[in-house]
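These notes are about the structure you will find just below.
The values are calculated or read from the model by the stated rules, or taken from the named source; none is laboratory data. For clarity, every value in this text was computed on a predicted model and none was experimentally measured. Don't worry about glycine lacking a Cβ; one is built from the backbone with ideal geometry, like all the others, and counts go over all protein chains shown. We work out accessible area using only protein heavy atoms, side chains counted, and drop any ligands, DNA or RNA first. Shrake-Rupley method; radii C 1.70, N 1.55, O 1.52, S 1.80 Å.
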Amino acid sequence: MPQIDEETPLLADNGKQKITPLPWFQICIIIFLQLAEPLTGNVVSPFAPQLIRDLNVTHGNESHVGYYVGLLQSLFFLTEACTVLHWSRMSDHVGRKPVILIGLFGLALSMYCFGLSKSFWGLVLRRDYLCISRSLCGALNGNIGVIKSMIAEITDLTNISQAYAYMPLAWNTGGTLGPMIGGWLSRPAERFPEMFGRNEFLKEYPYFLPCAVPATFTVLAWIVTYSFLEETLPNPIPLAQYLGFSRKNAAVIKGDYACGPQYHDDLDSPISKALETDDQLKIKPRLPIYSLFTERVIIAAGNYASLALVDIAFRSIQPVFFSTPVSLGGLGLPPSTIGNILAGFGVFNGLLQAFFFPRANRRWGPRNVFMWGLATAIPAFATFPLLSYLARTTGYSLVLWIAVAVHVLISIPMCFSYGAIFIFIANASPDRSSIGATNGLSQMSVSIMRAVGPAAATSLFSLSIEKGCLEGHLVYYLLMALVGVALYISSWLPRRVWTV
């Protein structure tokens, strides 16, 4: 038996070592349920600037639209940052499946409420739900960290990169369909008068239809998850016990113990085999939160957070830039065109990640994939001023559309960095009983960055336009400097991935 330590590469001797088959049925269910999050998140992007205009929050001042779009995007992540660690640690007790079901319920409820929103600030006096719906969505959503824990529990060192290569399929499909739904179905009474022109409800709530489609899909995902998803944490504590409604095994709960994997109903299932080890056949005390702050976890979570900040800043500015009038430095595109562009990104991103990420990871290793993917954010930000210049000088010419396509393609390698850093996080946990807490801590740091990122980036965008700083391009130079800081942080990643 070869000696394995923390310097052992994750995919060492992969050509000689037999690759463990993935539990495909469970992987497919996870991909399906994960689709709900990017679908509900991206559906808002194409019409968010127009929604802010319709609500008359800026009183006609176009340079202020970016402020409120960023604030709207930040609300979800701000509330998620406050709760995601709790949900992840809770999943180490009650299991992954109950927490995922709660998250899906929150997504569906919040999207229905979002579609019924008619004002931005008048939440109490006018009983509207724009801000509170986004906050509710974040507060009830702990799925991101919990799903990563499930992937780590049903894979091993030989197939984890393959599993993470398929995870972006959900995000990219949602990134494709979400903007298409948001762009095409927003204001349906105006866009499709023959079909919806007499519908008074859709005239009063012009953004309900694009919000209701992903919300209804989330309800379907809840049913599929409840019916078919297999729990990856054997012998979880019943939710009623954890909440104190039942006194059975109360000592285990009060003693802050986590039920480590002990048995499974189907001992021959792939998940059971992946979890079955000699040191997991007993109930282990759950590690206190301070014990998670190891060098491994801090480095992995720090790099995840820096990547998320760069990425969310780019994704937040992009639709606002596309929507901003040409005279103010944008492209002046309608929501339907913005939706098509973002959908095209989702298609190409999904195809490239599915086919090339496992190969790139095996050939160059997760550290190099992470760093090179992050570095492509520099030319991605640099193309914004070029697009603005072409729009002013050539109009909507073929040259401009080619430049837009290049701009979209350049940003794709940045998404490869997520799969790479997930491998580091999966192996950063102090032990297997704290995988959920480790993912929760990492996701909490990312949620904080994603709460700050949209508001900060779009505010800088609006400030650059309003003050004319560097001809309105100050925001891009500052964000390129941010990428440089993130690349320095990435140099702390080890050349070989740790092992749990």
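Considering only the stretch 191-198, I want to know if a residue exists there that is free of Cβ contacts under 8 Å to residues at least 12 places away in the same chain, surrounded by fewer than 16 Cβ atoms within 10 Å (Cβ to Cβ) and closer than 23 Å to L107 by Cβ. Within the stretch 191-198, none of the residues are free of Cβ contacts under 8 Å to residues at least 12 places away in the same chain, surrounded by fewer than 16 Cβ atoms within 10 Å (Cβ to Cβ) and closer than 23 Å to L107 by Cβ. Y488: among the aromatic types (F, W, Y), open to solvent by less than 40 Å² (accessible area, probe 1.4 Å) and under 23 Å from I378 (Cα atoms), yes or no? In short, no.
The residues of the stretch 45-57 that are under 15 Å from R315 (Cα atoms) and open to solvent by less than 10 Å² (accessible area, probe 1.4 Å), listed by number, are P46, F47, A48, P49. Given the residues L109, L202, L101, L136, which is the only one that is closer than 20 Å to N42 by Cβ, aliphatic (A, V, I, L, M) and either modelled with pLDDT of 85 or more or open to solvent by less than 20 Å² (accessible area, probe 1.4 Å) (or both)? Just a single option satisfies the conditions, and that option is L109. Determine, yes or no, whether L157 is closer than 22 Å to V320 by Cα, open to solvent by 10 Å² or more (accessible area, probe 1.4 Å) and not charged (D, E, K, R). No, not satisfied. Out of L387, L333, L309, one residue alone is without any contact (Cβ under 8 Å) to a residue 12 or more places away in the chain, of a type outside the set (V, I, T) and open to solvent by less than 50 Å² (accessible area, probe 1.4 Å). It is L333. The set of residues in the stretch 418-436 being polar (S, T, N, Q), open to solvent by less than 10 Å² (accessible area, probe 1.4 Å) and touching an Asp or Glu at 6+ places or on another chain (Cβ under 8 Å) consists of S434 alone. Taking first residues from the stretch 362-382 that are more than 13 Å from S411 (Cα to Cα) and open to solvent by 50 Å² or more (accessible area, probe 1.4 Å) and partners that are among the aliphatic types (A, V, I, L, M) and modelled with pLDDT under 95, the Cβ contacts under 6 Å between residues at least 6 apart in sequence or on separate chains come to R362/L11. For I421, the stated conditions hold: it is at pLDDT 85 or above, farther than 27 Å from N340 by Cβ and touching a Leu at 6+ places or on another chain (Cβ under 8 Å). Could you check, for the stretch 366-389, whether at least one of its residues is outside any helix (DSSP H, G or I), within 17 Å of I312 (Cβ to Cβ) and at pLDDT 95 or above? Checked against the condition, which is being outside any helix (DSSP H, G or I), within 17 Å of I312 (Cβ to Cβ) and at pLDDT 95 or above, the stretch 366-389 yields at least one hit.
Of the residues making up the stretch 218-241, those that are open to solvent by 40 Å² or more (accessible area, probe 1.4 Å) and part of a helix (DSSP H, G or I) are V219, L220, W222, I223, Y226, S227, F228, L239, A240. With the condition kept exactly as written, say whether any residue in the stretch 407-416 is small (G, A, S), farther than 20 Å from H473 by Cβ, out of contact with any Lys or Arg (no Cβ under 6 Å at 6 or more places or on another chain) and modelled with pLDDT of 85 or more. No, the stretch 407-416 contains no residue that is small (G, A, S), farther than 20 Å from H473 by Cβ, out of contact with any Lys or Arg (no Cβ under 6 Å at 6 or more places or on another chain) and modelled with pLDDT of 85 or more. Does P214 satisfy being more than 25 Å from A354 (Cβ to Cβ), at pLDDT 90 or above and crowded, with 20+ Cβ neighbours inside 10 Å? No; evaluated as a whole, the condition is false for this residue.
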